[in-house]
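A.B. asks: Quick one: structure below, then a few questions.
The values are calculated or read from the model by the stated rules, or taken from the named source; none is laboratory data. Computed from a predicted structure; not experimentally measured. Every residue, glycine as well, gets a Cβ built from its backbone with ideal geometry; the counts of neighbours run over all protein chains shown.
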Amino acid sequence: MKLSSRLLLLFCLPLLAACLAGAPPPDPAAALRHAERGQGLIAAKDYRGAAAEFARAQDLAPDEAGYALTHADLREGLGEVDAARAAYRQGLATIASDDPLRPTLTWRLALLELFHRNAPGAAARLGKGLAGDSFEAIDLDGALRLGRGDTAGAIQRFRQAEPLAADPAQAAFALYHASLGYWRQVDDRETFRTLLEAITQASARGLIRDIEAHFKVISPQQ
């Protein structure tokens, strides 16, 4: 076989494999159009339609971690745990190993495994891929401690994590998790203080859904 033929074959093989697997070939421009439509649907509060648009964007630009994160978060907000898990896993499998959003995707998947699939082992394994002094690692460690019944230790970790957050929206996760801990300690004042702070700062659809569910549980005790 001539060298030119070999090079052509090597170029075509990935595209052929993608077609056989049912995945569309990468098309960043089309992915961007779907993402823009998805953002418009989010603004209109059509989260199901937005999730469908970001699913297409993720398929068409598998190396774009932002599409994976938004798609997975929208699925979480809709209560579609399996679809959210698949979106996180797909993202982690296709983005670059040094992508800045890899820790966020890993941490969010670990929280999903822990809180919504009752799989602390899977969450702990994912946590091994996080830098030990990062917000994501410390918050996840607190969540794992909470699951083991070490409530005081968990709250301490959430307090450590909060000031390390990249922005208020990320800090909202630590505040919500702290509220879960204070509720277990029957500390109504801190339960509601941290939860209300989380409410004002949260933007992730999955977190907002969790906060709303937690508030319904604890509000009769107010």
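A.B. asks: Scan the stretch 27-85 for residues that are out of contact with any helix residue (DSSP H, G or I) (no Cβ under 7 Å at 6 or more places or on another chain), in a helix (DSSP H, G or I), closer than 23 Å to residue 209 by Cβ and not hydrophobic (A, V, I, L, M, F, W, C) and report the count.
C.D. replies: Final tally of qualifying residues: 5.
A.B. asks: Let me ask another. Quick test for you: out of 20, 8, 41, pick the one residue that is at pLDDT below 50, assigned by TED's automatic domain parsing to the domain that holds residue 92 and over 23 Å from residue 97 (Cα atoms).
C.D. replies: Of 20, 8, 41, the one residue that is at pLDDT below 50, assigned by TED's automatic domain parsing to the domain that holds residue 92 and over 23 Å from residue 97 (Cα atoms) is 20.
A.B. asks: Hey, another quick one. May I ask you to list the residues in the stretch 81-119 that are among the charged types (D, E, K, R), more than 18 Å from residue 65 (Cβ to Cβ) and in contact (Cβ under 8 Å) with a residue 24 or more places away in the chain?
C.D. replies: Of everything in the stretch 81-119, those that are among the charged types (D, E, K, R), more than 18 Å from residue 65 (Cβ to Cβ) and in contact (Cβ under 8 Å) with a residue 24 or more places away in the chain turn out to be 113, 117.
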